[in-house]
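Take a look at the structure set out below.
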Amino acid sequence: MLAKIDKRNLEKLLKRADGVADKKASMAVLSMALLTFEPEKNLLYITTTDLEQGFKGRIQAEIEGEPLSFCVPCRKFYEIIKSFDENEIILQKDNSRLIIRDEEGSSKFELACSDSEEFPSLPEFAEENLLDIPGKVLAELIDKTIFCASKEEARFVLGGVYFEPLKEEGKLRAVASDGHRLALLDRDVPGIEDSNLKEGFIVGRKGAEIISELAEDELVVKFGFINNYACLFNSYGFFFSRTLEGTFPDYRAVIPQEFKNILKISRKLFINALDRATVLISEKFKPVKIDLKRDELILSSPEGELGMAEIKLRAEYQGNPLTITFNAEYLVSALEHMNSEEIEMKLNDERSPCLITGYRDEGFIYLVMPMVI
């Protein structure tokens, strides 16, 4: 078997495949990529899995010889392909070795192969059961919420992004929370009301990040939930991720419906002030006290070994004087995911959650709990 392949396309496909392969697997085959050559279609398929996620992508190739399948170490194969400067790469199977070279023969690698029979079979999914959604919309739903997903193993059910179809509104909602903060984004998805998407499901952090990467450069992808798997089909392959078991908490119950105090402030000015106020804080958590008075906001860091900071800002504030403390990083991380020039912070008291929105961030809300010190 001999195949000629465009280097850039092969590298792109291997990057996606390598993101799924299990580098620390106890089973060596899970760190492998399954290569399947189909001469009649002039297609090379690359498949990887860690048993929880799986990816199968295809690429055009000029293939001579019989159909053939075998496994190679995914990461090493990817690193070899990246090292080539040439636009075209030649792959040639020779007994238990895959020869990787350029057309001139100036660069050549021999990579050990293994039998394809050991590679796990992947579940099969029907594309017609999935929802058509613009790739950038799906990527945005993930990117603007996943930063709130919990990294603590004890909070397993919060370790990803919760997708919920809002069929009556024609929207798809994404929610993520670590128990201290919550991000929510709604986006219009034409056709969702007629789709087979009936209930919400939770995609783990790794799976959600891969879905975002596979979707962001695509005009339209197919996405949905089938038999405990989140599935995505794009223009060159498909990806699946086993969803997290358990019920996502009732996030609606923690979002206040009424607020007594409202702060309006420049988003960039606020980010800058928060960064400055935490310069002298060396602890993991960065508490910043916010004193709110009419048309004034004062940020201050706690007194520490290195000293303290105080920043005064002009701001539009309506409400009673209030002193409240937040983890500055929780505020900055949300503000950096927003687009509005001015943001609105709605508050009740020093122990109640704060709701942040912006006029150029339609469908997005951020809820953050204050710190009690």
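I'd like to check something: does region 335-354 contain any residue that is assigned to a strand (DSSP E or B), open to solvent by 60 Å² or more (accessible area, probe 1.4 Å) and within 24 Å of Leu141 (Cα to Cα)? Checked region 335-354: at least one residue is assigned to a strand (DSSP E or B), open to solvent by 60 Å² or more (accessible area, probe 1.4 Å) and within 24 Å of Leu141 (Cα to Cα). Scanning region 98-121 for residues that are buried (at least 17 other Cβ atoms within 10 Å of the Cβ) and closer than 24 Å to Gly204 by Cα yields a total of 1. Beta carbons closer than 9 Å, at least 6 apart along the sequence or on distinct chains, pair a first residue in region 185-200 that is more than 24 Å from Tyr366 (Cβ to Cβ) with a second that is among the aromatic types (Phe, Trp, Tyr) for Asn196/Phe225; Leu197/Phe163; Leu197/Phe223; Leu197/Phe225; Lys198/Phe225; Glu199/Phe225.
When restricted to residues that are more than 15 Å from Glu118 (Cβ to Cβ) and either over 26 Å from the mean Cα position of the chain (by Cα) or in contact (Cβ under 8 Å) with a residue 60 or more places away in the chain (or both), region 13-44 contains 16. Of the residues making up region 269-289, those that are under 22 Å from Thr357 (Cβ atoms) and either exposed (fewer than 12 other Cβ atoms within 10 Å of the Cβ) or among the hydrophobic types (A, V, I, L, M, F, W, C) (or both) are Leu269, Phe270, Ile271, Ala273, Leu274, Val288. Among the residues of region 132-148, just one is more than 10 Å from the chain's Cα centre (by Cα) and more than 19 Å from Phe233 (Cα to Cα), namely Cys148. Taking residues in region 116-133 that are over 16 Å from Phe223 (Cβ atoms), and partners anywhere that are assigned to a helix (DSSP H, G or I), the pairs with Cβ atoms closer than 8 Å and at least 6 places apart or on different chains are Glu118/Val29; Phe119/Val29; Pro120/Val29; Pro120/Leu30. Of all residues in region 247-260, those that are in contact (Cβ under 8 Å) with a residue 12 or more places away in the chain and either in a helix (DSSP H, G or I) or in contact with a Phe, Trp or Tyr (Cβ under 7 Å, 6 or more places away or on another chain) (or both) total 3. Per the listing Lys82, Lys4, Lys93, the residue uniquely touching a residue at least 12 places away in the same chain (Cβ under 8 Å), open to solvent by 20 Å² or more (accessible area, probe 1.4 Å) and under 27 Å from Ser212 (Cα atoms) is Lys82.
Restricting attention to region 270-294 and to residues that are assigned to a loop (DSSP other than H, G, I, E, B) and of a type in the set (D, E, K, R), the residue that is farthest from Ile311 (Cα to Cα) turns out to be Lys284. Give region 355-373 a look and list any residue that's open to solvent by 30 Å² or more (accessible area, probe 1.4 Å), in contact (Cβ under 8 Å) with a residue 40 or more places away in the chain and more than 22 Å from the chain's Cα centre (by Cα), or say none. Correct list: Met369, Met371, Val372, Ile373. Residue count for region 163-181 under the criterion of being in contact with a strand residue (DSSP E or B) (Cβ under 7 Å, 6 or more places away or on another chain) and over 28 Å from Val372 (Cα atoms): the result is 9. Scanning region 198-244 for residues that are in a strand (DSSP E or B), aliphatic (A, V, I, L, M) and open to solvent by 30 Å² or more (accessible area, probe 1.4 Å) yields a total of 1. Could you tell me which residue of region 134-150 is nearest to His337 (Cα to Cα), considering only residues that are outside any helix (DSSP H, G or I) and touching a residue at least 40 places away in the same chain (Cβ under 8 Å)? It comes out as Lys144.
Has region 26-40 got at least one residue that is part of a helix (DSSP H, G or I), among the hydrophobic types (A, V, I, L, M, F, W, C) and open to solvent by 30 Å² or more (accessible area, probe 1.4 Å)?
Yes, region 26-40 has at least one match.
Looking at region 47-67, which of the residues that are in contact with a strand residue (DSSP E or B) (Cβ under 7 Å, 6 or more places away or on another chain) and free of Cβ contacts under 8 Å to residues at least 40 places away in the same chain is surrounded by the most Cβ atoms within 10 Å (Cβ to Cβ)? Checking each candidate, the answer is Thr48.
Residues that are more than 26 Å from Ala230 (Cβ to Cβ) number at least 3 in the following strands (runs of 3 or more DSSP E) confined to region 41-110: 62-64, 68-73, 88-94, 97-101.
The values are calculated or read from the model by the stated rules, or taken from the named source; none is laboratory data. Note that this is a predicted model, so its numbers are computed, not measured. Counting neighbours? That spans all protein chains shown, and the Cβs are built from the backbone with ideal geometry, glycine included. These accessible areas exclude ligands, DNA and RNA; they are computed on the full protein's heavy atoms, side chains included. Shrake-Rupley method; radii C 1.70, N 1.55, O 1.52, S 1.80 Å.
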